Structures are given as C-alpha cells and as structure tokens.
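No value in this document is a laboratory result; all are computed from the given coordinates. Given the structure is predicted, the values throughout are model-derived calculations rather than measurements. For neighbour counting, all protein chains shown are included, and Cβ atoms are generated from backbone atoms with ideal geometry for every residue, glycine included.
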Amino acid sequence: IAIMVGIYSLQDNEIKDKASGFLSSWSSPDKGIMSKAFAGNSSYGGIVVNRVNSVYDGDTIRVDIDGWPEIVGKNISIRVNGVDTPEIKGECILEKKAAIRARDFVYEKLSTAQRVELREIKRGKYFRLIAYVYIDGKDLSEMLINAGLARVYNGGSRRGWCK
C-alpha cells in the first residue's frame, strides 16, 4: 500500500501486510445505514477503513472503504472531527511548518496502525465525510491535541495559526 503524504508517495510493505487484515464491516447491525450517510448532519455509526490512501494535513485524510459504491467509497476525503490543525497552504511560514509536523504525525500513526475506524460519520461541506478517526482504538483528535499539534474545533470560526 502506498500512503500519500502531501505530494509525496511513500511505500511501506509493513503497511500492506497490516492492511490485508482489515475488515470491511459496519459497527452497526443496520447495513442499510450507508444509504443515509449523506442525508445531512445526522451521525451514522462507524466503519473500519480498508486502506488509507493519503494524508493531506493533520485533519484531512483520504481512504477506501470496501463495500461502498466507488463514488463514495474510493479515495474519499475524511475530515477528522473535533480538531483544527494548521493548513499546508497556510498564511505564514510558521503555520506551514506546523502543518507539516501535524501531517507527519498523522502519517506515522496511520502507517503503523493495525485498525483504522471512522466513528460518528457525518457529511460536511465540500462533499467530505466528517468522522472521529480511531487508530487501534485511540482517538486521533485527542492524540493531536495532546501532542500540541491541533486545537479543539467543533465548527464555526477558526482562529489563525500565525502570530
């Protein structure tokens, strides 16, 4: 499996070995829930990710979800719920460097993961899914905040990262 980090592609055979064990299943017994996943701001269950395709920044990744129609299950953008991280195309060099640190942190966590789950999935603007991302049972949002790489964010106006 190749995980894209920003514009760079990194190959890792260990990731391939670990990813081959991922299962495609809903945590909810209601298999029909996917058809409702794009019906507004309601939250719908959780799912195990089959492949992580790329890490754009600290709060945006792209994944494949087997069993979903390609239009919504292949290379779908996921916004990590509950946090705001600096932007790769930020307003100042400080923000851009912080964004790279957050992106690399997320890449490292995902590249060594045995299991990646999306929980409390919602649809956001820009056709992205918004979800809490759990890596081997640990909340990625909390990991980012505890590492000083993100701020708590639950919608609304975001504070800038440049001082």
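Could you size up the charge dipole of the stretch 89-163 around its Cα centre, putting +1 on the beta carbon of Lys and Arg and -1 on that of Asp and Glu, and report it in debye to the nearest 20? Could you put the intermediate results ahead of the total?
On the way: 17 positive and 9 negative charges, 80 e Å.
The calculated dipole for the stretch 89-163 is roughly 380 debye.
Would you pull out the residues with amide H under 5 Å of residue 90's amide H, same chain only if 5 or more places away, H placed 1.01 Å from N?
Sorted by chain and number, the residues that satisfy this are 96.
Roughly speaking, what is the centre-to-centre gap between the stretch 134-159 and the stretch 88-103 when only Cα atoms are used, to the nearest Å?
16 Å
Would you grab the residues whose amide H sits under 5 Å from the one on residue 83? Only those 5+ places off in sequence or on another chain, please, with H modelled 1.01 Å from N.
For residue 83, the qualifying residues are 153.
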